[in-house]
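Taking it in order: structure first as structure tokens, then the write-up.
The values are calculated or read from the model by the stated rules, or taken from the named source; none is laboratory data. Just so it is clear, the structure is predicted and the values come from calculations on it, not from any experiment. No Cβ is skipped: glycine too gets one built from the backbone with ideal geometry, and neighbour counts run over all protein chains shown.
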Amino acid sequence: MRIDRADSEAELLGPPVSNAEIVKVVAGDFEVRLAQSAAEIDAAQALRYQIFFEEMAAHPTPEVAARRRDFDKFDTVCDHLLVLDRRRGEGPEGIVGTYRLMRRAAAAQIGTFYSASEYDIRAMIDYPGEVLELGRSCIAKDARNTATMQMLWRGIALYAYHYNIQVMFGCASLPGIDPSQHAMALSYLQHHHLAPPEIRVRAVDSRYIKMDMLEPGSYDPRKAMARVPPLIKGYLRLGGFVGDGAVIDHEFNCTDVFITVKTELVTEKYIRHYERGMRDQHD
């Protein structure tokens, strides 16, 4: 998921929101859990700054550049999911991956979900049951592999199970601000993965970019899928959908699409399958 504009008045307001024990999985040298301290949230913000602003060349505000942290007002009310490489340390120094998690209660404190700046998310707000906005996904360059991503998803699945999350959503990005460079990928997403009407979100009119630039049948779907970024592919494999319309973010040099994922397949893949495997080991 993409980064968003920093708020110069935002400050970290103390300890994390949820008990870190809600999510706790150790697999070899790696661990996934929620942040346990303000220091760990600060380290996650430092990793985000490194990836988004130094590696991906986004343009920080003076406040973000001065602190060398990617931060905003949403950080103060969200939970921060972490993957740690315990060979590097079991605290802030061990963090190699992070996701930001925002439930309805957190959005109520701020007054909005982040993605509402780009999309009319009424379908998510009105969705029965608990919803979860995912954001700020990033992994350290030397830890970008399937295992790290699966640890993050196992953590998300446990979090979703604990809070009885029914649907997850957020913005995901394609690089650059020229949608025509992604005509095949965007058209493929619109033609093959558009959300059903009852959960379909639409880009706000002032920022709406047409996704289906190519006619169905005018391109090779396999080649189109190959041009879809890995994170979006991961959401699609979990049964994810895209919303109607893309949004250009000039500040961060990316083109956003809206992603919606119902949690049933996520918990099946990352919790029940894992639990079955553990039972089999003891039978």
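Within segment 121-147, take every residue that is closer than 30 Å to residue 197 by Cα and basic (Lys, Arg) and give me the one that is surrounded by the fewest Cβ atoms within 10 Å (Cβ to Cβ).
The residue in question is 122.
Looking for whichever is closer than 21 Å to residue 228 by Cα and of a type in the set (Asp, Glu) here; the options are 120, 126, 178, 142. Which one fits?
The conditions single out 178.
Listed residues 33, 69; which is crowded, with 17+ Cβ neighbours inside 10 Å, in a loop (DSSP other than H, G, I, E, B) and either at pLDDT below 95 or of a type outside the set (Gly, Ala, Ser) (or both)?
69
Within segment 222-273, which residues are of a type in the set (Lys, Arg) and out of contact with any Gly (no Cβ under 8 Å at 6 or more places or on another chain)?
222, 223, 227, 233, 237, 269, 272
Could you tell me which of the residues 148, 112 is among the β-branched types (Val, Ile, Thr), free of Cβ contacts under 8 Å to residues at least 60 places away in the same chain, outside any strand (DSSP E or B) and under 29 Å from residue 81 (Cα atoms)?
Going through 148, 112 in turn, just one is among the β-branched types (Val, Ile, Thr), free of Cβ contacts under 8 Å to residues at least 60 places away in the same chain, outside any strand (DSSP E or B) and under 29 Å from residue 81 (Cα atoms): 112.
For segment 118-141, enumerate the residues that are within 23 Å of residue 43 (Cβ to Cβ) and either out of contact with any strand residue (DSSP E or B) (no Cβ under 8 Å at 6 or more places or on another chain) or part of a strand (DSSP E or B) (or both).
132, 133, 134, 135, 136, 137, 138, 139, 141
Output the residues belonging to segment 72-109 that are part of a loop (DSSP other than H, G, I, E, B) and touching a residue at least 12 places away in the same chain (Cβ under 8 Å).
72, 77, 78, 86, 87, 90, 91
Among the residues in segment 39-53, are any at pLDDT below 95, among the polar types (S, T, N, Q) and either surrounded by 17 or more Cβ atoms within 10 Å (Cβ to Cβ) or not in a loop (DSSP other than H, G, I, E, B) (or both)?
no
Give the number of residues within segment 174-206 that are among the aliphatic types (A, V, I, L, M), part of a helix (DSSP H, G or I) and in contact with a helix residue (DSSP H, G or I) (Cβ under 8 Å, 6 or more places away or on another chain).
Residues meeting the conditions: 5.
Right, residue 247: touching an Asp or Glu at 6+ places or on another chain (Cβ under 6 Å) and either buried (at least 21 other Cβ atoms within 10 Å of the Cβ) or not in a loop (DSSP other than H, G, I, E, B) (or both) or not?
yes
Condition check: over 17 Å from residue 241 (Cβ atoms), surrounded by 15 or more Cβ atoms within 10 Å (Cβ to Cβ) and in contact with a helix residue (DSSP H, G or I) (Cβ under 6 Å, 6 or more places away or on another chain). Does residue 161 satisfy that?
On the way: over 17 Å from residue 241 (Cβ atoms): yes; surrounded by 15 or more Cβ atoms within 10 Å (Cβ to Cβ): yes; in contact with a helix residue (DSSP H, G or I) (Cβ under 6 Å, 6 or more places away or on another chain): yes.
Against the criterion (over 17 Å from residue 241 (Cβ atoms), surrounded by 15 or more Cβ atoms within 10 Å (Cβ to Cβ) and in contact with a helix residue (DSSP H, G or I) (Cβ under 6 Å, 6 or more places away or on another chain)), residue 161 qualifies.
Regarding residue 93, is this residue modelled with pLDDT of 95 or more and within 18 Å of residue 261 (Cβ to Cβ)? Even if it seems obvious, please write down each step before you answer.
On the way: modelled with pLDDT of 95 or more: yes; within 18 Å of residue 261 (Cβ to Cβ): no.
Judged against the criteria, residue 93 is not a match.
Taking residue 176 and the conditions (1) under 24 Å from residue 45 (Cα atoms); (2) surrounded by 18 or more Cβ atoms within 10 Å (Cβ to Cβ), which numbered condition does it fall short on, given that it satisfies the others?
Of (1) under 24 Å from residue 45 (Cα atoms); (2) surrounded by 18 or more Cβ atoms within 10 Å (Cβ to Cβ), only one is false for residue 176: (2).
Across segment 195-226, what is the total count of residues that are under 30 Å from residue 147 (Cα atoms) and either surrounded by 15 or more Cβ atoms within 10 Å (Cβ to Cβ) or aromatic (Phe, Trp, Tyr) (or both)?
Total meeting the criteria: 3.
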